[in-house]
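Here the structure is laid out as structure tokens; the discussion comes afterwards.
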Ligand code: E4P
């Protein structure tokens, strides 16, 4: 399972990268705004800064919602750095844009996916990644993990190559359940990754080992 971090915060990206287990980064316009990154040029520069920190795919989202606009913007994003994956929303024009980019060898991440039908369309268009937002489904009392399981089953039925990128991951149990189901990738905040480290028995055990060592030395 690949681990992506879902942030535009460079310090958090550096911290995750330093663990040696980071496979990529996802961003979105809200995450960019949260870091105060505004204006086209600053946003493009920030994507390059992220690419220079991580080894792996970096999703950069288009703002246009029409086919021509998405193509123009996506091509500009893809030219920034070889690690860029163009993030396209799951709308009718988006499906066409994903197909275009697939045919032209540009990686895509189909975002804002909330149903199995949408995931099927993303795979048919050849998306590199499909991003079902499990946390946002949970927020409206719908089981996000169920959607991951359904997509896994359907993609396996037809051997679709599109990777299931479990997005809107909020906590460690999302990560663990996604791994059990067989999601290819998860993207979440730094806490959903570092939280996996924690176990009280590890802390108690280590404290005892160190204390016992000190007794003998
Ligand atoms: C995915 O690519 C999105 O950036 C993200 O996971 C959305 O997460 P949120 O629902 O916590 O905003």
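The values are calculated or read from the model by the stated rules, or taken from the named source; none is laboratory data. Treat the numbers as computed from the prediction; the structure is a model and nothing was measured. When we count neighbours, we look across all protein chains shown, and the Cβ atoms used for this are built from the backbone with ideal geometry, even at glycine.
Observations, loosely collected:
- Candidates 33, 60, filtered to the one that is closer than 18 Å to residue 9 by Cβ and touching a strand residue (DSSP E or B) at 6+ places or on another chain (Cβ under 9 Å): 60
- Taking first residues from the range 4-20 that are free of Cβ contacts under 8 Å to residues at least 12 places away in the same chain and partners that are part of a loop (DSSP other than H, G, I, E, B) and more than 16 Å from the ligand (Cβ to nearest atom), no Cβ contact under 6 Å between residues at least 6 apart in sequence or on separate chains turns up.
- Test: residue in the range 149-160 that is within 27 Å of residue 99 (Cβ to Cβ), in contact with a helix residue (DSSP H, G or I) (Cβ under 8 Å, 6 or more places away or on another chain) and within 14 Å of the ligand (Cβ to nearest atom): no
- Subset of the range 23-49 that is outside any helix (DSSP H, G or I) and away from the ligand (no atom under 15 Å from the Cβ) - its residue that is surrounded by the most Cβ atoms within 10 Å (Cβ to Cβ): 38
- Selection status of residue 121, modelled with pLDDT of 95 or more, surrounded by fewer than 21 Cβ atoms within 10 Å (Cβ to Cβ) and closer than 25 Å to residue 55 by Cα: no
- Looking only at the range 163-174, and only at residues there that are part of a helix (DSSP H, G or I) and touching a residue at least 24 places away in the same chain (Cβ under 8 Å), the one that is surrounded by the fewest Cβ atoms within 10 Å (Cβ to Cβ): 172
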